[in-house]
Amino acid sequence: MTQKPAFHLLRPETQLESDLLRTPEFEEGMMWGVPRPGHPEGMVLLHVREVLDNIEAQDLSPIDRRDLRLVAIAHDTFKYQQEALSHQGRSIDHGHLASSFLTQWEVPSRVREIVQWHDEAYYSWRMYKMGMAEDSVVRLTRLVERIHPWWSFFERFFQADTLTGDKDPTPLDWVNKWLPQVGKCHQLIH
Ligand SMILES: [Fe+2]
Ligand SMILES: [Fe+2]
């Protein structure tokens with residue numbers, strides 16, 4: 001039997017990774033996408049490979065590595081559903097779609113949470129770029145408050161996800177610059 005592209009390229013390491021990749025949702029989601037700004041590689045599958053390679057390059061405990069791989073495999077898989085819903089006039093972020101899918105699976109809470117909010121730091125930075133400096137920091141603060149027990153886990157994923165394709169790496173520096181000024185959150189994190 002020929003190996004499916006996702007199995008060949010992503011080389012699942014656990015039963016859970018394999019089971020997820022076998023679902024119709026992951027099979028369809030991994031093949032979605034054409035080359036576009038930020039993602040010259042096109043398909044989600046190829047982006048996930050890059051994220052996994054970046055995770056591999058980090059110095060991680062076995063548990064962090066296992067959980068970050070799960071986040072990587074799930075985080076952008078539901079872009080195809082986000083797009084289909086947008087054609088019906090509905091706006092639901094792919095991270096939220098992925099997170100609600102994962103409620104049917106035994107994954108650690110932090111995996112589901114980071115999948116859900118994975119683009120939130122990027123969205124905050126984008127508001128800043130659009131001239132909404134104050135709102136952008138409020139949004140970043142809300143993110144930190146939501147996920148503060150797992151902030152360093154989030155940062156690791158954010159880095160692995162951002163340093164891919166031809167994405168602008170500026171959001172990484174922007175988050176680092178604003179984080180200490182996020183007041184209350186600063187105490188939560190450091
Ligand atoms: Fe995303
Ligand atoms: Fe991504």
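The values are calculated or read from the model by the stated rules, or taken from the named source; none is laboratory data. Since we're looking at a predicted model, the values are computed, not measured. Here Cβ is always computed from backbone atoms with ideal geometry, including for glycine, and neighbour counts include all displayed protein chains.
Worth a mention:
- Consider segment 103-130 and keep the residues that are small (Gly, Ala, Ser) and closer than 16 Å to Trp178 by Cβ. The one that is nearest to the chain's Cα centre (by Cα) is Ala121.
- Among the residues making up segment 71-88, those that are surrounded by 20 or more Cβ atoms within 10 Å (Cβ to Cβ) and either away from ligand 1 (no atom under 11 Å from the Cβ) or under 26 Å from Asn176 (Cβ atoms) (or both) are Val71, Ala72, Ile73, Ala74, His75, Asp76.
- Note on segment 1-80: enclosed helices (runs of 4 or more DSSP H) holding 1 or more residues that are among the aliphatic types (A, V, I, L, M) and more than 16 Å from ligand 2 (Cβ to nearest atom) are 15-22, 62-75.
- Meets criteria (more than 15 Å from ligand 1 (Cβ to nearest atom), within 15 Å of the chain's Cα centre (by Cα), crowded, with 19+ Cβ neighbours inside 10 Å and touching a residue at least 12 places away in the same chain (Cβ under 8 Å)) for Trp150: yes
- Of all residues in segment 40-70 being exposed (fewer than 13 other Cβ atoms within 10 Å of the Cβ) and within 14 Å of Glu13 (Cα to Cα), the one that is nearest to ligand 1 (Cβ to nearest atom): Glu56
- Residue match in segment 89-104 (condition: part of a helix (DSSP H, G or I), under 30 Å from Thr14 (Cβ atoms) and away from ligand 1 (no atom under 16 Å from the Cβ)): no
- On inspection, Val34 fails the criterion of being surrounded by 15 or more Cβ atoms within 10 Å (Cβ to Cβ) and either in contact with a strand residue (DSSP E or B) (Cβ under 6 Å, 6 or more places away or on another chain) or of a type in the set (A, V, I, L, M) (or both).
- Sole exception among (1) more than 29 Å from Glu17 (Cα to Cα); (2) among the aliphatic types (A, V, I, L, M); (3) within 14 Å of ligand 1 (Cβ to nearest atom) for Ala121, by number: (1)
- Residue match in segment 27-39 (condition: touching a Pro at 6+ places or on another chain (Cβ under 8 Å), within 15 Å of ligand 1 (Cβ to nearest atom) and modelled with pLDDT under 95): no
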